[in-house]
Amino acid sequence: MCSGRVDMAFIFRAFRNGADAVFIGGCHINDCHYNTEGNYDALSMVHLCRRLLERIGIDPNRLRIEWVSAGEGIRFAEIMNDLGRRIQLLGPLGASEGIDPQTLCKRIDEITEFIPYIKLIKREKLALHNPDESAYEQLYTADEIEALFRDAPSYDIDPQRCQACMICFNKCPVQAISGAKNLIHAIDPAKCIRCGTCLEVCPPRFGAVRKTVGMPAPLPLPESERRIRRKKNRLDL
């Protein structure tokens, strides 16, 4: 019902499923029927996605956003006809960019995995509400996007230091940590949004959470090897 409802993940899922183009239509700026700021959110998000598409070698012109009201049927038809012609000239996704299907899927998957982190780091720019649409053109730079991936942190839990205190388990905002009493905790990299909450809340006396930059975190131990056997205190009589 609102262009602001379109998530970055929807766009990359469409390309992952073989769409040659993605079109987003929304209410005109300052004339939104549902959320007066939704189309601003969509505009910023689309410009970010175009930069991400560029990074993986996909022509950003495959993603288009336009403002069209319900009473502008002729204009909508003209826009779609123009988009169709442009995409026909570009050709099938990947093939015209010189990317084989396997490599294309791998690159899109890489972006998709980073989407929660990207939304977290770029939340201020994604929330920009500037009536001057030209301000969005240079909102994101290629160097800025490259730095997102280069400097992205990863987190894991040192099995030698974890005391299964459950603090990081309870504080993780996305339930990316598995663990239980007397069970060394582990971070699921597929769920982790790289927010660093686990590192912040881990008691300094344990220092079990580790941060890695520029490379994947070590894989956690299998659950069968994460059981903590604590020594019991006995009173000699």
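The values are calculated or read from the model by the stated rules, or taken from the named source; none is laboratory data. On a predicted model such as this, the values are computed, not experimentally measured, just so you know. Cβ: placed from backbone, ideal geometry, glycine included. Neighbour counts: every protein chain shown. Remember, those area values only see protein heavy atoms, side chains included, never the ligands or the DNA or RNA. Shrake-Rupley method; radii C 1.70, N 1.55, O 1.52, S 1.80 Å.
List of remarks:
- Some residue of the stretch 77-85 being within 24 Å of ASP151 (Cβ to Cβ), β-branched (Val, Ile, Thr) and open to solvent by less than 40 Å² (accessible area, probe 1.4 Å): no
- Scanning the stretch 134-188 for residues that are surrounded by fewer than 20 Cβ atoms within 10 Å (Cβ to Cβ), free of Cβ contacts under 8 Å to residues at least 24 places away in the same chain and part of a strand (DSSP E or B) returns a single hit, ALA180.
- Every residue from the stretch 71-101 that is in a loop (DSSP other than H, G, I, E, B) and within 22 Å of HIS28 (Cβ to Cβ): GLY71, GLU72
- Considering the stretch 91-115, and only residues there that are open to solvent by 50 Å² or more (accessible area, probe 1.4 Å) and in contact with a helix residue (DSSP H, G or I) (Cβ under 9 Å, 6 or more places away or on another chain), the residue that is nearest to VAL174 (Cα to Cα) turns out to be THR112.
- Each residue in the stretch 9-41 was checked for being open to solvent by 60 Å² or more (accessible area, probe 1.4 Å) and more than 25 Å from ILE87 (Cα to Cα), and 7 pass.
- Residue check: ASN61 meets all listed conditions (1) open to solvent by 50 Å² or more (accessible area, probe 1.4 Å); (2) without any contact (Cβ under 8 Å) to a residue 60 or more places away in the chain; (3) part of a loop (DSSP other than H, G, I, E, B) but one, namely (3).
Conditions (1) under 18 Å from the mean Cα position of the chain (by Cα); (2) β-branched (Val, Ile, Thr); (3) over 30 Å from PRO101 (Cβ atoms), marked per residue:
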| residue | (1), (2), (3) |
| --- | --- |
| MET1 | no, no, yes |
| PHE12 | yes, no, no |
| ALA19 | no, no, no |
| TYR34 | no, no, yes |
| ILE56 | yes, yes, no |
| ARG62 | no, no, no |
| TRP67 | no, no, yes |
| GLU78 | no, no, yes |
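- The test for being over 27 Å from ARG150 (Cα atoms) and open to solvent by less than 40 Å² (accessible area, probe 1.4 Å) does not hold for CYS49.
- Checked against (1) at pLDDT 95 or above; (2) closer than 30 Å to PHE114 by Cβ; (3) assigned to a helix (DSSP H, G or I), ASP41 meets all criteria but (1).
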